[in-house]
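The values are calculated or read from the model by the stated rules, or taken from the named source; none is laboratory data. Everything numeric here is computed off the predicted structure, so don't read it as measured data. All Cβ positions, glycine included, derive from the backbone under ideal geometry; neighbour counts span all protein chains shown.
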Amino acid sequence: MLLALLACIPIPYISPPADFSVAVNPIPATFVDNRDNVSTGPSSVDLRAGLVPLGVVESMRDRVVDPTVGVVFSIQRPSFFDSTLDLGGYGRVAIRTWNDQLGGNTFAAFEPRITVDVISKDLGDTTPEVSPGLLVGGLIRLGGWSNGEVGAGFSAGPGGASGGVGVAYGEWGVALAIDGGASLRASGDIDTRLFLALEFRAPASAGIMLVPIY
């Protein structure tokens, strides 16, 4: 094991408290190719990553307001070869109308929320269109609190060791969400949106990752 550890590169890391989500717009999109083949699929898939500023403040564990700010990467018509990529930022405020302590450091919560985003449409275009949007929805979250627990995991292979050691502090959790709303295009057209999302919340963390040399 010692030889395996010597055959690796230690890489330090630090991560703020953050939210990560994958959201699918189930409203079907239809595409007809040049051979008149008809395909249908989800209208879009949104990937979001945001900072949770109050997720690391222990005195705010029982807070009512939960703000988030971050970036959104949207894939329009992901099932088709003419899919487009959008990139933007968002701000979100959730209200914890119900928060039940399940024992220990775990909890369950229901959170209505409002999301405002500004997205640059079609990154492949020479003049991308900026589109503001509004979403209203809610989620059910199961989560907990890490009090600075230290975790470590190592495995030895032919290329050296992999794994690492780290410490985490703050709120963590998983949630199911639904959001609906609209976005405004430069032409004045309004796009309706509906998203079903799976979300993960990670506490602030720091540590060292071990990357095999070969």
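For the reader, a short list of remarks on this structure follows.
- Candidates are the residues of the stretch 75-97 that are at pLDDT 80 or above and among the basic types (Lys, Arg); the one that is surrounded by the most Cβ atoms within 10 Å (Cβ to Cβ) is ARG92.
- Considering only residues in the stretch 28-48 that are surrounded by 13 or more Cβ atoms within 10 Å (Cβ to Cβ) and among the aliphatic types (A, V, I, L, M), the one that is modelled with the highest pLDDT turns out to be LEU47.
- Among the criteria (1) farther than 29 Å from VAL211 by Cβ; (2) at pLDDT below 85, the one ALA161 does not fulfil is (1).
- Residue match in the stretch 62-74 (condition: at pLDDT 85 or above, outside any helix (DSSP H, G or I) and farther than 26 Å from TYR169 by Cα): yes
- Residue within the stretch 98-106 that is among the charged types (D, E, K, R) and at pLDDT 95 or above present: no
- Restricting attention to the stretch 94-110, the residues that are outside any loop (DSSP other than H, G, I, E, B) and under 10 Å from VAL64 (Cα atoms) total 4.
- Restricting attention to the stretch 107-124, the residues being among the polar types (S, T, N, Q) and at pLDDT 95 or above number 1.
- Of everything listed in (1) at pLDDT 85 or above; (2) buried (at least 18 other Cβ atoms within 10 Å of the Cβ); (3) assigned to a helix (DSSP H, G or I), the single unmet condition for ALA23 is (3).
- Every residue from the stretch 176-194 that is of a type outside the set (Gly, Ala, Ser) and at pLDDT below 95: LEU184, ARG185, ASP189, ILE190, ASP191, THR192, ARG193, LEU194
- Residue in the stretch 126-158 that is modelled with the highest pLDDT, counting only those that are more than 23 Å from ILE114 (Cβ to Cβ) and β-branched (Val, Ile, Thr): THR127
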